[in-house]
Amino acid sequence: MPEPIVRIHLPLEFSGGRLLDSNGDEVRHPLAFPKFISNTTVILAVELFDRELQPDLSWRLEPHPLDAGDTWSISGACSRSADPVPMFTHDPAGVNLPGDWPDGTDADPAAGRLTFRLRTDTQRFREIAAHPVLSRHCSICIVSGSATLLLAEIPFVPVNRPGNESPPDDDESAGSRTTLNGLSGAVILADAQGKPLPSEGQTITIPAGGGSFAGLLPIADPVTEMAVADETWGDCRYLDAAFRQLSFRGRVRSLRRVSLETVSIDSGVTGNIVLVPIVNGSELSGTSFVVAVGAEPAVAEFALEVASGTLALRRDTDDERDTLKDAEGSVTAVVLSVILEVQP
């Protein structure tokens with residue numbers, strides 16, 4: 001099976017090169033930084049804006065035009081490493097290729113849009129991604145070639161595919177990493193009538209059919225990760241040992257139900273995956289959902305009540321109930337669509 005092509009969209013403010021979210025606010029939290037997987041072809045879609053704060057405190061974004069005759073280059077590196085070798089550079093023949101914009105159209109410098117193709121298959125990438133300290137100090141530099149102008153320096157997170165890890169460098173001690181998570185507010189798993197769902201150990205039982213959830217407002221395709229260009233299924237998301245998590249935009253409020261349409265990437269291998277909800281950065285203790293993944297697309301629904309907070313779903317491939325595996329290990333669950341249902 002060919003390695004996937006991952007598309008990453010980078011909206012940037014031209015003045016200062018700041019990474020922006022869909023509202024025009026600056027992205028500062030590491031969980032929102034772009035993620036690069038080793039041994040992957042990446043299509044990086046860079047979109048440059050001029051940003052102006054409006055009287056209502058919203059941002060007005062206007063495309064920043066670029067000279068179509070100019071040249072551009074990108075590279076990725078670790079700022080804390082004693083070795084200046086880049087982790088990756090782009091293919092000079094892979095700049096602004098036709099159809100590489102995320103919606104299938106072409107890049108347009110006059111509209112501030114550039115695309116770059118790059119490969120993350122270098123030994124240096126794997127070394128930095130495997131290091132628990134250096135991996136937190138990586139950035140992409142985007143340079144205008146003719147004017148040697150630094151357009152932006154954007155943090156990114158390098159991640160190794162399982163089996164591709166390299167030992168840490170010796171220029172800094174690995175040490176240990178600690179995460180402080182602040183889970184606040186009550187999170188209750190209940191059916192449509194407000195009755196707690198039956199649970200035993202680490203398992204919550206979802207009634208057949210998911211129950212009745214009348215009056216809920218659906219939010220379609222709320223996932224933040226850029227889609228993978230799969231040869232069979234088109235733009236989709238993966239859940240496997242490398243692509244472990246689906247994160248959702250902004251904060252959810254009055255969440256009641258999650259709906260996933262999934263299919264196995266290998267029609268000859270079917271089974272279950274186990275999903276663990278993460279609210280406000282913390283896994284919900286004792287909570288997980290078993291989702292059947294078959295050879296044909298099917299929709300799975302489960303009740304998940306979150307009053308307010310950030311949300312992600314992590315596939316737990318180490319759970320014994322996660323049986324979507326072959327002789328080589330975990331098999332990819334292809335996520336074709338996601339719907340969150342909230343109480344309006």
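The values are calculated or read from the model by the stated rules, or taken from the named source; none is laboratory data. Owing to the predicted nature of the structure, the values given are computational and were not obtained by experimental measurement. Using ideal geometry, Cβ is built from the backbone for each residue, glycine included, and neighbour counts are taken over all protein chains shown. SASA here: full protein model, heavy atoms, side chains in, ligands and nucleic acids out. Shrake-Rupley method; radii C 1.70, N 1.55, O 1.52, S 1.80 Å.
Points worth noting:
- Output for segment 130-140, where each listed residue is touching a strand residue (DSSP E or B) at 6+ places or on another chain (Cβ under 7 Å) and either open to solvent by 20 Å² or more (accessible area, probe 1.4 Å) or under 28 Å from residue 71 (Cβ atoms) (or both): 137, 138, 139, 140
- If the condition is being among the aliphatic types (A, V, I, L, M), buried (at least 20 other Cβ atoms within 10 Å of the Cβ) and within 15 Å of residue 317 (Cα to Cα), then segment 265-289 contributes 273, 274, 275.
- Taking segment 81-91 as the range and being open to solvent by less than 30 Å² (accessible area, probe 1.4 Å) and in contact (Cβ under 8 Å) with a residue 60 or more places away in the chain as the test, the residues that pass are 81, 87.
- Across segment 36-51, the number of residues qualifying as surrounded by fewer than 18 Cβ atoms within 10 Å (Cβ to Cβ) and in contact with a Phe, Trp or Tyr (Cβ under 7 Å, 6 or more places away or on another chain) comes to 1.
- Test: residue in segment 302-312 that is surrounded by fewer than 17 Cβ atoms within 10 Å (Cβ to Cβ) and closer than 29 Å to residue 29 by Cα: yes
- Looking across segment 120-142, the residues that are in contact with a Phe, Trp or Tyr (Cβ under 9 Å, 6 or more places away or on another chain) and among the hydroxyl-bearing types (Ser, Thr, Tyr) come down to 120, 122, 139.
- Tabulated pairs, segment 109-128, first under 12 Å from residue 160 (Cβ atoms), second surrounded by 17 or more Cβ atoms within 10 Å (Cβ to Cβ) and among the acidic types (Asp, Glu), C-beta under 9 angstrom, 6+ apart or interchain: 127/169; 128/169
- Residue in segment 117-129 that is surrounded by 15 or more Cβ atoms within 10 Å (Cβ to Cβ), among the aromatic types (Phe, Trp, Tyr), out of contact with any helix residue (DSSP H, G or I) (no Cβ under 9 Å at 6 or more places or on another chain) and not in a strand (DSSP E or B) present: yes
- Test for residue 334: is it under 18 Å from residue 233 (Cβ atoms) and more than 19 Å from the chain's Cα centre (by Cα): no
- In segment 330-339 there is at least one residue that is open to solvent by 20 Å² or more (accessible area, probe 1.4 Å) and in contact with a Cys (Cβ under 9 Å, 6 or more places away or on another chain).
- Test for residue 97: is it of a type outside the set (D, E, K, R), open to solvent by 50 Å² or more (accessible area, probe 1.4 Å) and at negative phi: yes
- Check on residue 70, open to solvent by 20 Å² or more (accessible area, probe 1.4 Å), over 21 Å from residue 134 (Cβ atoms) and either of a type in the set (Asp, Glu) or in contact with a Phe, Trp or Tyr (Cβ under 6 Å, 6 or more places away or on another chain) (or both): yes
- A single entry from 31, 19 fulfils the requirement of being under 21 Å from the mean Cα position of the chain (by Cα), hydrophobic (A, V, I, L, M, F, W, C) and open to solvent by 70 Å² or more (accessible area, probe 1.4 Å): 31.
- Pair list, Cβ < 8 Å and 6+ apart or interchain, from segment 92-103 residues that are among the β-branched types (Val, Ile, Thr) to residues that are open to solvent by 50 Å² or more (accessible area, probe 1.4 Å): 95/71; 95/117
- Unique match (being open to solvent by 50 Å² or more (accessible area, probe 1.4 Å) and on the phi < 0 side of the Ramachandran plot) among 262, 232: 232
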